[in-house]
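See structure below.
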Amino acid sequence: MRRQDPIGPEFYVPLGAAEKISDAAFYLAAALSIIVLLVEKASQPKLYGAVQATFAVAVVGFFVSGIVIRTYFATRAHSSRFADFVSNAFSVPLVPSPSEGYYNTPAGDPFIRMGASVLENTLFTKSILARMLRFERARICVYVLAWLWAAVYRATDLELLAVAAQVLFSEQLLSRWVRMEWLRARVERLYDDLFALIQSSSDARSKEFRARVIEALIRYETSKAQAALSLSSRLFNKLNPELSARWQSVCTQLGIAPATDPAA
């Protein structure tokens, strides 16, 4: 079967590029906030002024990029993916170029397809987050230990320690790790709940089954929106063959036939 995902290149690639620019602005501002403490204003006024000006520009750039990402790039990417998701579930083209072969969902009742798509999404999301968290946990441990050492070491300048604390407890570091852990836990629980629902339901046309599928979809989408995280496209491409094979196994367990062959 043909595989095509126009949503990714059109919307998620620009989102990823914008996030990289925002990260660069954050780390530049963090580095300059420390450097500005080390430059003597009296003996090096020009250098001090240049560092201060660059620091101000980096802070403004980080602030503006964060707003643009949340209100434009992330919003349009997630909205387009959700519209593509509904298009696949109900076989109704809600986007100009719907994806083909992106969702390995069964044919038949649209609510079965929707439930299977959410289950597949949660499988991929929790697996990719688990792999992303390996790096995040190691990075946070290094930063926290370094900051604690500096806090205990009496010779550490208090201004430098305060700046380091602002960087550590910023949205890009500690907050991002907490949100990532929270989203992984939410998605793992949703995966288990949805797996049990599909496995135990004898009538997919019942009102209860359809209501629970819609509720699962809302839980998944609101959890992603609250976490405000983007999954690593590099890890997605790397893990895709393995996760697609696992999805085939899940479909066999649940008695649903995926619409695509992972070897295709």
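The values are calculated or read from the model by the stated rules, or taken from the named source; none is laboratory data. Computed from a predicted model, the values in this text were never measured in an experiment. All Cβ positions, glycine included, derive from the backbone under ideal geometry; neighbour counts span all protein chains shown.
Checking residue 108 against (1) free of Cβ contacts under 8 Å to residues at least 12 places away in the same chain; (2) under 18 Å from the mean Cα position of the chain (by Cα), only one condition comes out false. Which one?
Here residue 108 clears every test but (2).
Is it the case, given these coordinates, that residue 79 is without any contact (Cβ under 8 Å) to a residue 40 or more places away in the chain, under 30 Å from residue 102 (Cα atoms) and not acidic (Asp, Glu)?
Values: without any contact (Cβ under 8 Å) to a residue 40 or more places away in the chain: yes; under 30 Å from residue 102 (Cα atoms): yes; not acidic (Asp, Glu): yes.
Yes: the conditions hold for residue 79.
Looking only at segment 150-189, which residues are part of a helix (DSSP H, G or I) and charged (D, E, K, R)? Steps first, please.
Within segment 150-189, the subset part of a helix (DSSP H, G or I) is 150-152, 158-168, 174-189.
Across segment 150-189, the qualifying residues are 159, 176, 179, 181, 184, 186, 188, 189.
Kindly evaluate residue 238 against the criterion of being among the basic types (Lys, Arg), closer than 26 Å to residue 133 by Cα and loosely packed, with under 14 Cβ neighbours inside 10 Å. Give the derivation first.
Working: among the basic types (Lys, Arg): yes; closer than 26 Å to residue 133 by Cα: yes; loosely packed, with under 14 Cβ neighbours inside 10 Å: yes.
Judged against the criteria, residue 238 is a match.
Could you check, for segment 117-133, whether at least one of its residues is crowded, with 20+ Cβ neighbours inside 10 Å and without any contact (Cβ under 8 Å) to a residue 60 or more places away in the chain?
Yes, segment 117-133 contains at least one residue that is crowded, with 20+ Cβ neighbours inside 10 Å and without any contact (Cβ under 8 Å) to a residue 60 or more places away in the chain.
Restricting to segment 30-53, what's the tally of residues that are assigned to a helix (DSSP H, G or I) and surrounded by 11 or more Cβ atoms within 10 Å (Cβ to Cβ)?
Of the residues in segment 30-53, the ones assigned to a helix (DSSP H, G or I) are 30-38, 45-53.
Now narrow it down to the ones that are surrounded by 11 or more Cβ atoms within 10 Å (Cβ to Cβ): 30-37, 45, 47-53.
Matching residues across segment 30-53 total 16.
Would you mind stating whether residue 140 is part of a helix (DSSP H, G or I), touching a Leu at 6+ places or on another chain (Cβ under 7 Å) and among the hydrophobic types (A, V, I, L, M, F, W, C)? Step through it out loud before you land on a result.
Numbers: part of a helix (DSSP H, G or I): yes; touching a Leu at 6+ places or on another chain (Cβ under 7 Å): yes; among the hydrophobic types (A, V, I, L, M, F, W, C): yes.
So residue 140 fits the description; yes.
Could you tell me which of the residues 120, 10, 19 is assigned to a helix (DSSP H, G or I), closer than 23 Å to residue 234 by Cβ and in the same structural domain as residue 241 (by TED's automatic domain parsing)? Give the steps one after another, and end with the answer.
Details: 10 fails: in the same structural domain as residue 241 (by TED's automatic domain parsing); 19 fails: in the same structural domain as residue 241 (by TED's automatic domain parsing).
None of the others qualify; the one that does is 120.
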